[in-house]
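The values are calculated or read from the model by the stated rules, or taken from the named source; none is laboratory data. Predicted model, so just to flag it, every value in this text is computed and none were measured. Every residue, glycine as well, gets a Cβ built from its backbone with ideal geometry; the counts of neighbours run over all protein chains shown. Heads up: the accessible areas ignore ligands, DNA and RNA and are worked out on the full protein's heavy atoms, side chains in. Shrake-Rupley method; radii C 1.70, N 1.55, O 1.52, S 1.80 Å.
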Amino acid sequence: MSALCVLLTGYEPFGGARVNPSERLVRALARGRPPHPRLRLAAAVLPVDRRAMPPALERALRAHRPDVVLGVGQGTGRFAVDLESVAHNRIDFRGERDNGGHCALGEPLVEGAPARLVSRLPLAELAAALRRRHLPVRLSRDAGRHLCNALLFELLARHPRLPSAFVHVPLLPSQAAGRARGEPSLPESVSRTCLSALLEELARRPPATPAPRPVRSRAGA
């Protein structure tokens with residue numbers, strides 16, 4: 001059986017922070033022994049810049065030609081590792097600016113694209129399998145409206161036959177302590193165990209590659 005190449009993307013630190021757990025995690029996973037013999041892992045750390053991120057992603061896709069992409073990003077306020085199943089066609093920085101100094105005011109990411117797109121990876125099944133292994137993993141349908149969501153939407157909209165998903169990991173304990181806001185956190189070792197287990201489960205479930213389907217908005221949503 002041929003190797004399954006998984007591209008792991010993380011993000012650089014932002015907002016004045018000196019560390020981003022996603023950067024540390026994807027680099028460590030790509031350097032280490034793959035959690036399943038079928039896997040071949042590659043890593044790319046992307047800029048927290050709405051203009052520079054998409055071309056950086058395209059360069060990583062051309063360089064590694066992956067079979068699956070798993071984006072990883074910092075999930076401030078989250079207490080578990082969240083598997084993001086839905087990408088929204090909106091970007092909104094809520095008054096803040098990215099590392100390139102750009103703002104975002106709720107405009108579409110891709111003009112004319114659906115309001116939402118859904119990952120075709122079996123994320124509900126994967127989340128359930130990981131919870132059976134007593135890991136703090138949840139299925140999420142809200143990736144926010146920052147660059148984590150933008151990355152997933154970019155992949156689903158522009159590369160619909162490439163199986164893709166996004167994973168939010170909580171703050172590191174040192175980050176949460178430094179921010180002193182009582183925010184939840186998770187040790188890096190626990191987040192890494194969750195990601196390794198996710199990759200292992202993915203290797204056992206070869207992903208299908210049909211185009212993602214739009215999510216119909218429910219009345220009042």
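The table below gives the values:
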item: Residues within the range 15-28 that are part of a loop (DSSP other than H, G, I, E, B), modelled with pLDDT of 95 or more and open to solvent by 10 Å² or more (accessible area, probe 1.4 Å), tallied; result: 1
item: All positions within the range 102-152 that are open to solvent by 40 Å² or more (accessible area, probe 1.4 Å) and among the small types (Gly, Ala, Ser); result: Gly112, Ala115, Ala124
item: Residue list for the range 167-205, filter: exposed (fewer than 15 other Cβ atoms within 10 Å of the Cβ) and within 18 Å of Ser119 (Cβ to Cβ); result: Arg204, Arg205
item: One residue from Val69, Val48, Val86 being hydrophobic (A, V, I, L, M, F, W, C) and farther than 24 Å from Pro13 by Cβ; result: Val86
item: Elements of type helices (runs of 4 or more DSSP H) contained in the range 111-199, each with 1 or more residues being at pLDDT 95 or above, closer than 20 Å to Ser85 by Cα and more than 18 Å from the chain's Cα centre (by Cα); result: 123-132
item: Failed item in (1) in contact (Cβ under 8 Å) with a residue 60 or more places away in the chain; (2) over 16 Å from the mean Cα position of the chain (by Cα), with Glu84 passing the rest; result: (2)
item: Residue identified as farther than 18 Å from Gly73 by Cβ and in contact with a helix residue (DSSP H, G or I) (Cβ under 7 Å, 6 or more places away or on another chain) among Ala143, Ala197, Ala180, Ala128; result: Ala197
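Let's see how each residue does on (1) within 23 Å of Arg204 (Cα to Cα); (2) free of Cβ contacts under 8 Å to residues at least 24 places away in the same chain; (3) touching a strand residue (DSSP E or B) at 6+ places or on another chain (Cβ under 6 Å):
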| position | (1), (2), (3) |
| --- | --- |
| Arg116 | no, no, yes |
| Leu121 | yes, no, yes |
| Glu125 | yes, no, no |
| Ala128 | yes, yes, no |
| Arg132 | yes, yes, no |
| Val137 | yes, no, yes |
| Ser140 | yes, no, yes |
| Ala143 | no, no, yes |
| Phe153 | no, no, yes |
